[in-house]
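Accompanying notes for the structure given below.
The values are calculated or read from the model by the stated rules, or taken from the named source; none is laboratory data. None of these values were measured; they are calculated from a predicted model. All Cβ positions, even for glycine, are placed from backbone atoms using ideal geometry, and neighbour counts span all protein chains on display.
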Ligand code: JCF
């Protein structure tokens, strides 16, 4: 078919433009156009190629959508073996690595330079470029023989289909890692779950599974990313003797390289680099499991050579594993502040992420059942960053005999009250309330915590000790403590007792929001406490509010409203609040919040008198204030209207004399609308 010259030129321009944008995005990390603009260019090219199929060149970005499935993967012989890496797990092993290098190279005191980069947790592939075009991609396999995954590799947007630049090598083999970023992995697994597909255990498995699909159209839909780390066979390429310089050359040719790659001198600097990457680890958008160091001098590399499958000139200094296996010895149940019983795994102690762990959370009973975790199982423990270690899953093929399922106790392990499960909720709860020492301890810890009453120096251990000694039963009891009582405690000198008393004194002045939060009402966090404080303005108004009024507060739904209402219904809670206020806990009046776009009554002043049906005067005042109005206690010429319920007093007479409007309950309700 004849293709008009102008159309050929258009296709070429589009191809080059799209490839340039790809390069800016994946290699330079500096995109110039929006995703939508990119999609527009892409569709224009697709249209031209559909009209004139001969325009579909091998390097066309439209080739990344995948093609019809293969029946199997051809095998590929690697011309140069694909090496794996030796590991180091501590500094001593890094120094041993250096010593081996010096012994082999007979360099005693010269500075050794190393290229350093984070070690991606993905899988290694080889990309072969002939006359500048990607002609073959292969997995590492056993290092000698891999699988031909060219169709799949072509769908990965960060793999160049064509080399950039004028110097086109006859042959160039580029090696690197295929991986999936955290966010992409989460999204992929969510989609897989929704469509009933395979849910992957981690990004590495997802990357491996996606790269080994016979249908490259499915691979095209998987969010795979490529990063290069080295060069294999070459023909007709001018190569630097520095590994670092070679990597910069790859970048120029259009390959993504690690944004963290550096050349450092000496093993001490390697260790420093390792520490700095370890600090960044949690903030990276992808999983890494260590740092790779390579002797930078290629001639030296050749001199020191390699053993079986790993080079002597490189090493992977691994981070402490974040996932390890150990035995689940038992499951205990911990009682939280709201009485919820949480299953806690007691483990054969094991080091995870550099810390010895003997307990981990099992989240809840549903999770235990879903994962089929049994007491005695070998389990996978995960500890990432500063989060609480968790049991990820049992290793089911290690289960040798029938094992017992953990059972939720029928009675609280602390106070022996009955344990119940509310309908539709995951949590089982102890019904003991503040009778339960566990709940009492947690309630007081929460009350004293920084974001609540902020009682400095009142640590968890101290609270536990005082509850165990029956010194305190409720948060209010804290303010009854005196010096002789405190000085009698374990590890409590008179000075610290005095410090604690003054911390208690300082905590008496607080804010309404912090006070509400400190009460520890179920599901009332800081933000909800703030909103309740702003809406109701006083603890009395809040205590008297009904469930419907509470739901007027932003983000307060029926469940939270019910929790708050139920909390204040209970006599014992009201007594504790009364006691706290009696002990001098106080706060300035909060500003009552008015939504800027919802102030139809701004500038108006109302006076409320008499009894309204189903509504206290405080509640009515709150409703009016929420609409921007002012509420005053006495009638004057500035009064906009008087709201009069049953049995109004003299205020109505005064209003009549001043000619001010009087609204009955129906008129008031109409006003609110
Ligand atoms: O990031 C990696 N996973 C990675 C693997 C980086 C490297 O520089 C590697 C590698 C495997 C082998 N270098 C070799 C030689």
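Restricting to region 375-397, what's the tally of residues that are outside any strand (DSSP E or B) and within 22 Å of the chain's Cα centre (by Cα)? If you could, list the steps in order and put the result at the bottom.
So in region 375-397, the residues outside any strand (DSSP E or B) come out as 376-377, 383-389, 395-397.
This time we only want the ones that are within 22 Å of the chain's Cα centre (by Cα), so: 383-389.
Total satisfying the criteria: 7.
So which of 554, 530 ends up being outside any helix (DSSP H, G or I), in contact with a helix residue (DSSP H, G or I) (Cβ under 7 Å, 6 or more places away or on another chain) and modelled with pLDDT under 95?
554
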- Query: Is it the case that some residue within region 515-538 is over 28 Å from residue 613 (Cα atoms), over 36 Å from the mean Cα position of the chain (by Cα) and surrounded by fewer than 16 Cβ atoms within 10 Å (Cβ to Cβ)?
  - Reply: no
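With respect to residue 305, determine if the residue is in contact with a strand residue (DSSP E or B) (Cβ under 8 Å, 6 or more places away or on another chain), surrounded by fewer than 16 Cβ atoms within 10 Å (Cβ to Cβ) and at positive phi. So that I can check it myself, show each step before the final result.
Values: in contact with a strand residue (DSSP E or B) (Cβ under 8 Å, 6 or more places away or on another chain): yes; surrounded by fewer than 16 Cβ atoms within 10 Å (Cβ to Cβ): yes; at positive phi: yes.
The answer is yes for residue 305.
If only one of 456, 477 is farther than 17 Å from residue 516 by Cα and assigned to a helix (DSSP H, G or I), which one is it?
One residue alone meets the criteria, 477.
Which strands (runs of 3 or more DSSP E) does region 259-374 wholly contain that include 3 or more residues that are within 16 Å of the ligand (Cβ to nearest atom)?
Filter on region 259-374 gives 262-265, 288-295, 314-318.
Name every residue in region 396-412 that is touching a helix residue (DSSP H, G or I) at 6+ places or on another chain (Cβ under 8 Å) and surrounded by 14 or more Cβ atoms within 10 Å (Cβ to Cβ), in order of residue number.
406, 408, 412
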- The one condition in (1) farther than 19 Å from residue 82 by Cα; (2) in contact with a strand residue (DSSP E or B) (Cβ under 7 Å, 6 or more places away or on another chain); (3) buried (at least 20 other Cβ atoms within 10 Å of the Cβ) that residue 265 fails to fulfil: (3)
- Message: Looking only at strands (runs of 3 or more DSSP E) that lie completely in region 115-210, which have at least 3 residues being closer than 30 Å to residue 38 by Cα?
- Response: 123-130, 133-139, 171-179
- Message: Could you go through region 590-602 and let me know if any residue there is surrounded by 13 or more Cβ atoms within 10 Å (Cβ to Cβ), touching a residue at least 60 places away in the same chain (Cβ under 8 Å) and within 30 Å of residue 434 (Cβ to Cβ).
- Response: yes
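Return the residues of region 208-224 that are within 16 Å of the ligand (Cβ to nearest atom) and either more than 18 Å from residue 184 (Cα to Cα) or surrounded by fewer than 22 Cβ atoms within 10 Å (Cβ to Cβ) (or both); say none if nothing qualifies. Spell out the reasoning first.
Quick first cut of region 208-224, residues within 16 Å of the ligand (Cβ to nearest atom) only: 208, 211, 224.
Passing the criteria: only 208.
Among the residues of region 231-239, is any farther than 23 Å from residue 142 by Cα, assigned to a helix (DSSP H, G or I), modelled with pLDDT under 95 and more than 12 Å from the ligand (Cβ to nearest atom)? Break it down stepwise before answering.
Residues of region 231-239 that are farther than 23 Å from residue 142 by Cα, as a first pass: 235-239.
Adding the requirement that they be assigned to a helix (DSSP H, G or I) leaves none.
No, because not a single residue in region 231-239 is farther than 23 Å from residue 142 by Cα, assigned to a helix (DSSP H, G or I), modelled with pLDDT under 95 and more than 12 Å from the ligand (Cβ to nearest atom).
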- Can you find a residue in region 236-255 that is more than 26 Å from residue 293 (Cα to Cα) and in contact (Cβ under 8 Å) with a residue 24 or more places away in the chain? yes
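Please state which one of 405, 401 is under 30 Å from residue 324 (Cβ atoms) and more than 32 Å from the chain's Cα centre (by Cα).
Numbers: 405 fails: more than 32 Å from the chain's Cα centre (by Cα).
Of the residues listed, the single one that is under 30 Å from residue 324 (Cβ atoms) and more than 32 Å from the chain's Cα centre (by Cα) is 401.
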- Task: Those residues that are assigned to a loop (DSSP other than H, G, I, E, B) and touching a strand residue (DSSP E or B) at 6+ places or on another chain (Cβ under 8 Å), I need them from region 79-114; list them, please.
- Result: 79, 80, 82, 83, 84, 85, 86, 89, 111, 112
- Task: Name every residue in region 94-146 that is more than 14 Å from the ligand (Cβ to nearest atom), on the phi > 0 side of the Ramachandran plot and crowded, with 16+ Cβ neighbours inside 10 Å, in order of residue number.
- Result: 132
- Task: State the number of residues belonging to region 411-429 that are in a loop (DSSP other than H, G, I, E, B) and touching a strand residue (DSSP E or B) at 6+ places or on another chain (Cβ under 6 Å).
- Result: 5
- Regarding residue 578, is this residue free of Cβ contacts under 8 Å to residues at least 60 places away in the same chain and either in contact with a helix residue (DSSP H, G or I) (Cβ under 6 Å, 6 or more places away or on another chain) or in a helix (DSSP H, G or I) (or both)? yes
- Task: Give the residue, chosen from 662, 581, 594, that is over 29 Å from residue 444 (Cβ atoms) and at pLDDT 90 or above.
- Result: 662
- Task: Determine which member of the set 393, 426, 443 is farther than 22 Å from residue 328 by Cβ and either surrounded by 16 or more Cβ atoms within 10 Å (Cβ to Cβ) or in contact with a helix residue (DSSP H, G or I) (Cβ under 6 Å, 6 or more places away or on another chain) (or both).
- Result: 443
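Taking the options 11, 88, name whichever one is within 16 Å of the ligand (Cβ to nearest atom), touching a residue at least 24 places away in the same chain (Cβ under 8 Å) and touching a helix residue (DSSP H, G or I) at 6+ places or on another chain (Cβ under 7 Å). Break it down into steps so the answer makes sense when it comes.
Values: 11 fails: within 16 Å of the ligand (Cβ to nearest atom).
That would be 88, the only listed residue that is within 16 Å of the ligand (Cβ to nearest atom), touching a residue at least 24 places away in the same chain (Cβ under 8 Å) and touching a helix residue (DSSP H, G or I) at 6+ places or on another chain (Cβ under 7 Å).
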- Failed condition for residue 67, given (1) more than 30 Å from residue 123 (Cβ to Cβ); (2) under 38 Å from the mean Cα position of the chain (by Cα); (3) not in a helix (DSSP H, G or I), with all others met? (1)
